[in-house]
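J.: Pasting in a structure now, in structure tokens, and then I'll have a few things to ask.
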Amino acid sequence: MPAALSALFALLAAVGNATGTVLQRVGARTVPHGDAFSFRLIRHLLHSPAWLGGIAVIVGAAACQALALNLGSLSLVQPILVTELPFTLLIASAYARRRLPAAGWAASVMVAAGLGLGLAAAAPSGGHSAVPAGMWALALLATGGAMTLCVLGALPRPRGPLRAALFSSASAIGYALTATLMTAATDVFERDGAAAFFTAWQFYGFVATGACALFLLANAMESGPLIASQPALTLGEALVSLALGMLVYGERVRTGWWLLPEGTGAVLVTWGVLILPRVDAKSPSKL
């Protein structure tokens with residue numbers, strides 16, 4: 001039952017994140033080009049009702065994600081968030097008042113089927129809550145370094161798909177680290193109560209990292225269309241989260257012959273994720 005509830009809350013988080021992404025993209029389209037990667041960007045977005053609405057929805061999604069992580073493992077919860085991409089396309093299509101093409105439905109089914117197959121075969125399990133300080137230092141340095149490289153690669157680029165993909169990749173790594181820190185913070189809450197939760201460094205860590213990831217995502221949205229940013233965000237967050245779950249918490253997935261259905265599921269998910277934004281790009285009313 002806890003695993004089923006965890007999956008349900010993760011799915012609700014994916015729907016919330018998808019809704020928030022569409023609203024943020026609507027708000028980011030009005031940002032002047034000269035305000036990218038500056039505090040002026042945030043100041044401009046704070047005056048956008050669509051962007052503020054997106055933030056409100058994302059806060060609710062974060063609460064669902066925290067509940068999911070409290071009930072299940074990082075390796076179970078984060079891959080489910082891959083469904084954010086088909087939800088994003090469906091919501092964007094509804095917002096633009098256009099029908100989703102048959103290829104979009106097929107790709108959405110591909111993502112759902114691949115995810116179900118991969119998770120059923122992998123059966124994420126195990127893990128521990130006691131993480132040595134050295135392991136935290138390694139995780140923070142690795143993710144922080146990767147985010148920095150992505151940002152440094154994005155800044156000299158003109159607005160376009162590559163700049164958006166690099167900012168989105170940095171945001172994906174940041175969100176994966178946020179989920180990892182959130183898992184530790186919710187463990188503290190469950191074990192020691194609210195007072196310990198609000199004094200744990202992991203609490204302030206996931207708040208700061210989440211804010212940084214949100215800022216980077218805003219820059220990705222400003223830099224280019226969803227076709228450029230969403231695949232990197234969706235796949236990147238799932239893959240980095242899976243790696244952090246194994247590295248930091250010692251979570252395990254099944255190996256041996258189970259790698260065959262796991263690989264098949266991964267191929268289906270990746271294929272669907274790469275197809276979906278291109279389906280959206282063919283529409284004249286794309287976001």
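J.: What do the square roots of 5 times the Cα gyration tensor eigenvalues come to for the stretch 48-198, in whole Å, largest first, as semi-axes of the equivalent ellipsoid?
T.: Value: 29, 22, 18 Å, ordered largest first.
J.: Could you tell me which label, among (1) 125; (2) 170; (3) 185, carries the value of volume of the Cα convex hull per residue in Å³ calculated for this structure?
T.: The listed entry that was calculated here is (1).
J.: With each pseudo-label sitting 7 Å past Cα toward Cβ, what's the TRP257-SER125 distance in nm, one decimal?
T.: Using points 7 Å along Cα→Cβ, the separation is 1.8 nm.
J.: Measuring from centroid to centroid over Cα atoms, what is the spacing of the stretch 100-125 and the stretch 229-280 in Å?
T.: Answer, in whole Å: 11.
J.: Same structure, new question: Which order, highest average first, do 181-189, 257-265, 117-125 follow once you tally other Cβ atoms within 10 Å for each residue and take the mean per peptide?
T.: Per-residue Cβ counts within 10 Å, averaged per peptide and sorted highest first, yield 181-189, 117-125, 257-265.
J.: Then there's this: At 0.36 nm per residue, minus the direct Cα-Cα distance, what do VAL267 and THR199 gain on full extension? Give it in nm, one decimal, please.
T.: Numbers: separation 68, 0.36 × 68 = 24.48 nm, distance 4.19 nm.
The VAL267-THR199 span can extend by a further 20.3 nm.
J.: Using the Kyte-Doolittle scale, find the helices of the chain whose mean hydropathy is at least 0.5 and whose Cα atoms extend 27 Å or more along the helix's long axis, counting only whole DSSP H runs.
T.: The qualifying helices are 2-28, 49-71, 102-122, 133-154, 161-192, 201-223, 226-249, 259-281.
J.: Just ARG159, ARG191, ARG25 to compare: in a GNM of the chain, with alpha carbon springs under 10 Å, which one fluctuates most?
T.: ARG191
J.: For LEU138 and TYR95, what does the FRET efficiency come to when R0 = 35 Å and r is the distance between their Cβ atoms, rounded to the nearest 0.05?
T.: It comes out at approximately 0.25.
J.: For the pair LEU162/TRP105, report the inter-label distance in nm, with labels modelled 7 Å from Cα in the Cβ direction.
T.: 3.9 nm
J.: How large is log10 of I(q)/I(0) for the stretch 146-281 at q = 0.13, 0.15, 0.16, 0.22 Å⁻¹ when the intensity is taken from the Debye formula with one equal scatterer per alpha-carbon?
T.: -0.66, -0.83, -0.90, -1.20
Any read-out appearing in this document is the output of simple, stated calculations on the displayed coordinates, not a laboratory observation. Fair warning: this is a prediction, and the values are worked out from it, not measured in the lab. Every residue, glycine as well, gets a Cβ built from its backbone with ideal geometry; the counts of neighbours run over all protein chains shown.
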